[in-house]
Protein chains: 2
Amino acid sequence: MRKFVIKGNICYSKSINELCITQDGYVVCEDGICTGVYKKLPEHYEILPFYDYTDKIIIPGFTDLHIHAPQYPFRGFGMDLELIGWLNAHTFPEEAKYSDIEYAQNAYSIFTTDLLNSATTRACVFGTIHIPATILLMEKLDNAGIKAYVGKVNMDRNSPEYLCEKNAEQAFKDTEQWIKDSARFENVKPILTPRFIPACSDSLMEKLSVLQKKYQLPVQSHLSENTEEIQWVKELCPGTAFYGEAYNKYGLFGNGFPAIMAHCIHSNEDEINLIKEQNVFVAHCPESNTNLSSGIAPIRAYLNLGINTGLGTDIAAGSSLSVFKAMAMAIQCSKLRWRLQDQSLAPLGIKEVFYMATKGGGKFFGKTGSFEKGYEFDAVIIDDSTIKHPYKLNTMERLERLVYLAEDKNIVAKFVNGKKLFERTVSN
Amino acid sequence: MRKFVIKGNICYSKSINELCITQDGYVVCEDGICTGVYKKLPEHYEILPFYDYTDKIIIPGFTDLHIHAPQYPFRGFGMDLELIGWLNAHTFPEEAKYSDIEYAQNAYSIFTTDLLNSATTRACVFGTIHIPATILLMEKLDNAGIKAYVGKVNMDRNSPEYLCEKNAEQAFKDTEQWIKDSARFENVKPILTPRFIPACSDSLMEKLSVLQKKYQLPVQSHLSENTEEIQWVKELCPGTAFYGEAYNKYGLFGNGFPAIMAHCIHSNEDEINLIKEQNVFVAHCPESNTNLSSGIAPIRAYLNLGINTGLGTDIAAGSSLSVFKAMAMAIQCSKLRWRLQDQSLAPLGIKEVFYMATKGGGKFFGKTGSFEKGYEFDAVIIDDSTIKHPYKLNTMERLERLVYLAEDKNIVAKFVNGKKLFERTVSN
């Protein structure tokens with residue numbers, strides 16, 4: 001079990017600038033771990049079970065570094081507002097529904113099925129403030145075999161009464177209970193999830209810091225997404241020089257614990273330095289940042305600085321949970337940023353976005369997102385035969401084309417940590 | 001024949017600001033013409049054949065105002081260049097292949113099938129310089145029942161030897177022959193298609209002007225797409241104050257004939273005034289303009305001025321022939337333009353892009369793109385049941401969601417001028 005060989009056109013990143021392609025190659029999985037990619041299969045592997053995906057494209061699974069599961073129902077509509085207005089008009093009313101476990105059951109089933117059918121193998125997921133619904137979400141993802149960090153959201157101020165924790169003390173108790181309840185999952189782990197500074201009181205942040213140390217938990221939140229939001233944080237936290245400090249003063253900005261900050265569009269130099277210094281992951285969410293008119297993050301600069309950077313779909317400010325789409329939009333937004341804002345940062349290309357979608361974001365889960373030796377064996381098999389073509393393309397052309405044109409139906413098999421989650425055929 | 005009633009959730013634009021929705025409504029077709037939308041079907045129509053699309057979304061078909069059929073094979077790859085480099089590296093070598101009629105047969109079959117399966121009912125299409133391949137393309141579109149203007153491309157300078165007309169005299173003869181040959185089609189009509197000013201000599205433009213008057217033909221071309229291109233036109237046409245004048249001085253910029261100019265990103269005030277004055281149609285191609293790092297056209301300004309504006313997918317600088325995707329990107333690009341470039345122009349919303357995709361671009365074909373009385377009956381039936389949802393959405397929410405999430409499989413029937421092109425079911 002979990003020892004096998006697969007054959008096909010294998011694509012993976014070694015680094016930001018190194019996209020490796022082995023046409024008609026072999027990749028070997030032993031006990032859920034990748035032992036290497038071979039142009040010719042070493043003889044001692046010939047006895048292993050063999051999956052023949054000849055002519056298909058094989059990539060490591062994608063990591064979605066930032067996605068709000070409860071917002072999935074309203075993806076694609078209500079797109080006429082900026083962040084704060086959008087939260088109040090669409091997000092908070094929808095998230096409130098998850099106090100109803102039956103609603104959550106239905107909605108999270110749809111979300112989990114669609115995520116399973118996508119090319120995503122790992123995800124960092126926001127839930128809501130509700131414990132039962134969040135545990136349910138974790139259970140569904142766990143059963144589906146998707147590796148995920150899932151967060152019960154914390155928010156105790158500047159939030160509508162119907163979606164607000166009573167006070168920091170209660171939030172602390174509830175969150176600790178939820179952490180304990182979520183210990184039973186195999187694939188899914190808890191992650192501390194203060195919504196964002198405007199919605200989290202100082203005492204709440206202090207308490208989350210206690211929980212972080214006690215349970216050794218990673219953290220995820222939002223940072224410098226919208227200019228109005230940044231201004232608000234400045235007013236709420238007069239003692240901080242920039243937004244990131246409002247997390248950092250409670251140790252919730254790296255400080256030895258893994259941390260993801262979504263967006264980082266308008267981060268100033270000091271904030272960027274702190275992100276780098278604290279090994280914080282930047283979750284770049286280009287479609288969300290476009291749909292909410294937030295702006296375009298300087299991702300090329302982050303990559304140049306060696307900052308950990310991955311992609312997020314940010315459902316439902318992003319409309320699609322396809323990381324392929326996030327890759328395409330990361331390239332597209334970087335081009336518009338170059339044209340309209342700053343010609344010192346060259347646009348991103350396929351190599352950079354493929355790296356971010358796989359090894360870059362995957363790093364948050366350890367050694368994942370590559371077929372290099374020692375990496376967890378996550379693989380997505382893509383049959384692109386539905387995208388008709390008058391002549392034979394090379395693998396690189398096919399891979400680039402998939403970034404723009406892949407649909408979920410093209411995903412014909414998915415493995416996570418050596419376990420096959422599904423296999424199917426594409427109908428032409 | 002061509003007399004029937006369809007029932008469903010009917011959506012159409014009356015104007016840029018007026019998107020009409022009739023839930024569980026009826027739309028009646030008589031002899032290919034729409035006679036109106038009804039909440040309750042008038043009694044005298046009850047005898048007509050009836051298509052029951054209850055719960056489905058019914059929209060007028062989309063007009064794609066700018067698409068290059070021969071570029072369809074390389075959609076989605078080679079996306080790392082700007083206009084001129086991209087033309088030389090990818091476009092010209094691909095277009096040269098259409099001198100081979102067998103290649104054209106294969107490639108144009110794929111293109112036509114995919115266009116048929118999309119929500120597009122009408123299109124303004126570039127071919128190549130080759131007459132047999134262009135006639136073949138017209139034949140395929142005609143047989144498919146898609147209404148189209150198709151242009152044999154003219155280019156006689158600054159083009160690679162393998163893709164260049166011998167001289168203006170030969171181009172004139174060939175083009176006239178092609179115009180005569182294409183008279184036999186029912187759904188497809190010829191349109192004069194000088195590639196763009198850099199590729200067309202003064203004498204070629206003069207001759208096209210003669211053909212335009214002789215055969216009363218519309219014209220399509222490119223305008224002010226890329227700053228480098230604009231500079232080049234300035235050098236090539238020292239007597240013109242702006243790019244558009246280089247068409248206008250030969251009468252190929254409206255002047256009583258329908259004209260489409262794709263892009264118009266960097267048009268100055270004089271050029272915009274001339275576009276308006278000459279009733280030139282602007283084909284806004286947001287994905288193309290993004291992929292080639294060209295910039296973002298000020299579409300809100302064009303709409304405010306009453307300029308005829310529609311959408312183009314601009315395959316293959318655009319990766320997808322889905323006009324839904326063009327609509328989404330038109331909204332998205334307008335938001336980034338607002339954020340990064342000019343806060344005096346509010347972002348576009350669903351109403352504006354739906355108008356452009358239907359009635360706005362459809363106007364190039366006469367009274368098409370709406371279900372108002374007297375409009376040609378083009379309709380696309382959409383089954384969005386594959387996009388699962390935990391509660392019932394209203395039609396407006398479903399329509400907006402489709403802009404971001406529709407796939408071709410959701411298009412379950414298509415009518416053009418009252419003729420049904422196909423009907424199928426969506427598999428969930």
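Would you mind listing the distances between the B:Asn88 label point and the same position in each other copy? Use 7 Å along Cα-to-C-beta, nm, one decimal, shortest first.
The answer, with the shortest distance listed first, is 5.4 nm.
Can you tell which of B:Pro190, B:Tyr53, A:Gln23 lies farthest toward the positive end of the dipole of the protein assembly as shown, using +1 and -1 charges on the Cβ of basic and acidic side chains (Lys, Arg; Asp, Glu)?
With unit charges placed on the Cβ atoms, the residue in question is B:Tyr53.
How many angstrom separate the Cα center of the stretch A:274-299 from the Cα center of the stretch B:94-172?
Here the answer is 42 Å between Cα centres.
For B:Val188, list long-range residues whose amide hydrogen, built 1.01 Å from N in the peptide plane, is under 5 Å from its own amide hydrogen.
Result for B:Val188 returns B:Ala148.
For peptide B:320-330, compute the average count of partner chain beta-carbon atoms within 10 Å of each residue's beta-carbon.
That average works out to 1.
Please compute the contact order of chain A in relative form: average sequence separation of alpha-carbon pairs under 8 Å and at least six residues apart, divided by the residue count, as a percent.
Contact order relative to length: 21 percent.
Taking the DSSP beta bridges in the protein assembly as shown as the whole, what percent of them are antiparallel, to the nearest 5?
45
Got a sec? Charge dipole of the protein assembly as shown, +1 on Cβ for Lys and Arg, -1 for Asp and Glu; which of A:Pro258, B:Asn291, B:Ile33 is way out at the positive end?
B:Ile33
Using the count of nearby Cβ atoms within 10 Å as a rough guide to exposure, how do B:Asp156, A:Asp202 rank from fewest to most?
Least to most surrounded, the residues fall as A:Asp202, B:Asp156.
What does the charge count around A:Ile350 come to, taking other residues whose C-beta lies under 13 Å from its C-beta (Lys +1, Arg +1, Asp -1, Glu -1)?
-1
What's the magnitude of the charge dipole for chain B around its Cα centre, counting Lys and Arg as +1 and Asp and Glu as -1 at the beta-carbon? Answer in Debye, nearest 20.
Charge dipole, chain B, about its Cα centre: 1140 debye, nearest 20.
For every other residue with a beta carbon closer than 13 angstrom to the beta carbon of A:Glu423, add +1 if it is Lys or Arg and -1 if Asp or Glu, then tell me the sum.
+3
Whole-Hz ³J(HN,Hα) for each residue in the stretch A:395-406, computed from phi via Karplus 6.51 cos²θ - 1.76 cosθ + 1.60 with θ = phi - 60°, x for glycine and proline: what do you get?
So the J values, rounded to whole Hz, are 4, 5, 5, 5, 5, 4, 4, 4, 4, 8, 10, 4.
Treating the beta-carbon of each Lys and Arg as +1 and of each Asp and Glu as -1, no other charges, what is the dipole magnitude of the stretch B:48-173 about its Cα centre, to the nearest 20 debye?
Magnitude of the dipole: close to 260 debye.
Using a label position 7 Å from Cα in the Cα→Cβ direction, what is the ascending list of nm distances from A:Thr240 to the same site in the other copies?
Nearest first, the other copies' label points are 5.5 nm away.
What is the angle, in °, between the Cα long axis of helix B:131-144 and the longest principal axis of the Cα atoms in chain B? Nearest 10 is fine, range 0 to 90.
That helix lies at roughly 10 degrees to the long axis.
Which order results if A:Tyr302, B:Tyr355 are arranged by neighbouring Cβ count within 10 Å, fewest first?
A:Tyr302, B:Tyr355
If the label for A:Lys166 sits 7 angstrom from Cα along the Cα-to-Cβ line, what are its distances to the same label in every other copy, in nm to one decimal, shortest first?
9.1
Where does each of A:24-36, B:174-186 land if you order them by average Cβ count within 10 Å, highest first?
In descending order of packing, they fall as A:24-36, B:174-186.
Kindly express, to the nearest 10 degrees and within the range 0 to 90, the angle between helix B:168-181's C-alpha long axis and the longest C-alpha principal axis of chain B.
Its long axis makes an angle of about 30 degrees.
So which residue of A has the beta-carbon closest to the axis that swings A onto B, and how many whole Å away?
With distances in whole Å, chain A gives A:Leu340, 2.
With a sphere of radius 14 Å drawn around the Cβ of B:Ile129, what net charge do the other residues whose Cβ falls strictly inside it have (Lys, Arg +1; Asp, Glu -1)?
With Lys, Arg at +1 and Asp, Glu at -1, the net is -1.
Residue by residue through B:391-401, how many Cβ atoms from other chains fall within 10 Å of the Cβ on average?
Mean shielding count: 3.
Each residue of the stretch A:227-235 in order: what ³J(HN,Hα) in whole Hz does its phi give by Karplus 6.51 cos²θ - 1.76 cosθ + 1.60, θ = phi - 60°, with x for Gly and Pro?
Whole-Hz 3J(HN,Hα) from phi for the stretch A:227-235: 5, 5, 4, 4, 4, 5, 4, 4, 5.
Shielding of A:337-349 by partners, i.e. mean partner chain Cβ atoms within 10 Å per residue?
Taking all residues of A:337-349 together, the mean is 3.
Quick check: the distance between the Cα centres of the stretch B:1-69 and the stretch B:217-235, to the nearest angstrom?
What the calculation gives is 38 Å, centre to centre.
Kindly put B:Leu336, B:Leu136, A:Leu41 in sequence by how many other C-beta atoms sit within 10 Å of each C-beta, fewest to most.
If I rank by nearby Cβ atoms, fewest first, I get A:Leu41, B:Leu136, B:Leu336.
Would you check the stretch B:164-261 for Lys pairs whose C-alpha atoms are within less than 15 Å, ignoring same-chain pairs closer than 8 in sequence, and give me the count?
Close lysine pairs under the 15 Å cut-off: 9.
If the only charges are +1 at each Lys and Arg Cβ and -1 at each Asp and Glu Cβ, what is the size of the charge dipole of the protein assembly as shown around the Cα centre, to the nearest 20 debye?
Dipole size: approximately 1000 debye.
Would you please give the residues with an amide H less than 5 Å from that of B:Ile315, counting only those at least 5 places away or on a separate chain, with H modeled from the backbone geometry?
So B:Ile315 has HN proximity to B:His68.
Taking the Cα centre of the stretch B:114-225 as the origin and placing charges on Cβ (Lys, Arg +1; Asp, Glu -1), which of B:Ala148, B:Gly127, B:Thr175 is farthest toward the positive end of the dipole?
Checking the options against the dipole of the stretch B:114-225, the answer is B:Ala148.
A short reminder: the numbers here are calculations on the coordinates, not readings from a lab. This one's a predicted model, so the numbers in the text were calculated from it and none came from an experiment. Heads up, the Cβs are rebuilt from the backbone with ideal geometry, glycines too, and the neighbour counts pull from every protein chain shown.
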